[in-house]
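Asks: The structure's right below; bear with me while I get my questions together.
The values are calculated or read from the model by the stated rules, or taken from the named source; none is laboratory data. None of these values were measured; they are calculated from a predicted model. Note that we place each Cβ from the backbone using ideal geometry, even for glycine, and neighbour counts take in every protein chain shown. These area figures cover heavy atoms from the full protein model, side chains too; ligands, DNA and RNA do not enter into them. Shrake-Rupley method; radii C 1.70, N 1.55, O 1.52, S 1.80 Å.
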Amino acid sequence: MKKIIFLDIDGVLATPEYLKDGLWALNPDKQEMLGKILSETNADIVLSSSWRQNTLEGTKIYMENEGFLFTDKLIGITIRAYQWMEKGTGIHLSIPRGVEIKQWIDANIHSDNGKNWKRLIVDRDYTYLILDDEGDMLLEHKNNFVRTNSDIGLTDDDVLKAISILNAKPR
């Protein structure tokens with residue numbers, strides 16, 4: 001079974017007590033915790049964070065330069081589903097991150113490269129986890145979501161929950 005972690009960075013791996021040039025940076029302790037999840041589950045990562053770049057390759061280079069230890073596990077990035085309306089007006093449409101995650105799943109798992117739509121049997125084919133400090137997920141994500149405290153980031157309890165979600169037996 002394919003296992004995927006939709007990973008946010010700020011408030012998960014980057015925390016206020018660990019700064020680089022005055023900005024939140026990757027906390028080595030939090031990366032070690034992510035490493036435990038990865039080793040216990042053999043999951044891959046799709047970056048859903050604002051740290052993602054325009055392409056997967058660009059994201060891998062950027063994350064490696066920032067000290068991310070798991071670029072070899074990065075298999076994708078979610079789309080940026082928000083946009084500015086009428087340049088200069090300052091009107092901003094905000095689309096929940098959960099929609100971006102759903103779009104990635106639909107485009108990459110629930111289809112065969114867009115040729116013939118087919119819905120896979122979700123619980124037998126893949127499972128996923130969302131690690132994020134924001135709550136803008138969809139109701140359908142509730143059993144696959146571990147919300148971290150943005151001031152603390154990933155905790156030991158979060159790690160245990162994440163491993164349990166990813167290693168749960170299919171129904």
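Residue-by-condition table, conditions (1) closer than 23 Å to Lys2 by Cα; (2) surrounded by 12 or more Cβ atoms within 10 Å (Cβ to Cβ); (3) of a type in the set (Gly, Ala, Ser); (4) free of Cβ contacts under 8 Å to residues at least 12 places away in the same chain:
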position	(1), (2), (3), (4)
Ala43	yes, yes, yes, no
Leu47	yes, yes, no, no
Arg52	yes, yes, no, no
Thr55	yes, no, no, no
Gly58	no, yes, yes, yes
Asn65	no, no, no, yes
Leu69	yes, yes, no, no
Asp72	yes, no, no, yes
Thr78	yes, yes, no, no
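Asks: Let me ask another. So, of the residues in region 82-103 that are of a type outside the set (Gly, Ala, Ser) and open to solvent by less than 20 Å² (accessible area, probe 1.4 Å), which turns out to be modelled with the highest pLDDT?
Replies: Per the stated criteria, the residue is Ile101.
Asks: Leu26 passes all but one of (1) at pLDDT below 95; (2) touching a helix residue (DSSP H, G or I) at 6+ places or on another chain (Cβ under 9 Å); (3) hydrophobic (A, V, I, L, M, F, W, C); which number fails?
Replies: Answer for Leu26: the failing condition is (1).
Asks: Residue by residue through region 134-153, note down the ones that are over 13 Å from the mean Cα position of the chain (by Cα) and among the hydrophobic types (A, V, I, L, M, F, W, C).
Replies: Leu138, Leu139, Ile152
Asks: Then there's this: What number goes with the only condition from (1) modelled with pLDDT of 75 or more; (2) surrounded by 10 or more Cβ atoms within 10 Å (Cβ to Cβ); (3) not β-branched (Val, Ile, Thr); (4) not in a helix (DSSP H, G or I) that Pro170 does not pass?
Replies: In the conditions (1) modelled with pLDDT of 75 or more; (2) surrounded by 10 or more Cβ atoms within 10 Å (Cβ to Cβ); (3) not β-branched (Val, Ile, Thr); (4) not in a helix (DSSP H, G or I), Pro170 misses (1) alone.
Asks: For Ser49, indicate whether it is of a type in the set (Ser, Thr, Tyr) and in contact with a strand residue (DSSP E or B) (Cβ under 9 Å, 6 or more places away or on another chain).
Replies: For Ser49, the condition - of a type in the set (Ser, Thr, Tyr) and in contact with a strand residue (DSSP E or B) (Cβ under 9 Å, 6 or more places away or on another chain) - is met.
Asks: Of the conditions (1) buried (at least 23 other Cβ atoms within 10 Å of the Cβ); (2) within 13 Å of the chain's Cα centre (by Cα), Ala14 clears all except one; give me its number.
Replies: In the conditions (1) buried (at least 23 other Cβ atoms within 10 Å of the Cβ); (2) within 13 Å of the chain's Cα centre (by Cα), Ala14 misses (2) alone.
Asks: Within region 2-17, can you find the residues that are touching a residue at least 12 places away in the same chain (Cβ under 8 Å) and farther than 29 Å from Lys102 by Cβ?
Replies: Pro16
Asks: Only one residue in Asp151, Asp133 is closer than 27 Å to Tyr18 by Cβ, touching a strand residue (DSSP E or B) at 6+ places or on another chain (Cβ under 9 Å), surrounded by 13 or more Cβ atoms within 10 Å (Cβ to Cβ) and not aliphatic (A, V, I, L, M), so which one is that?
Replies: Asp133
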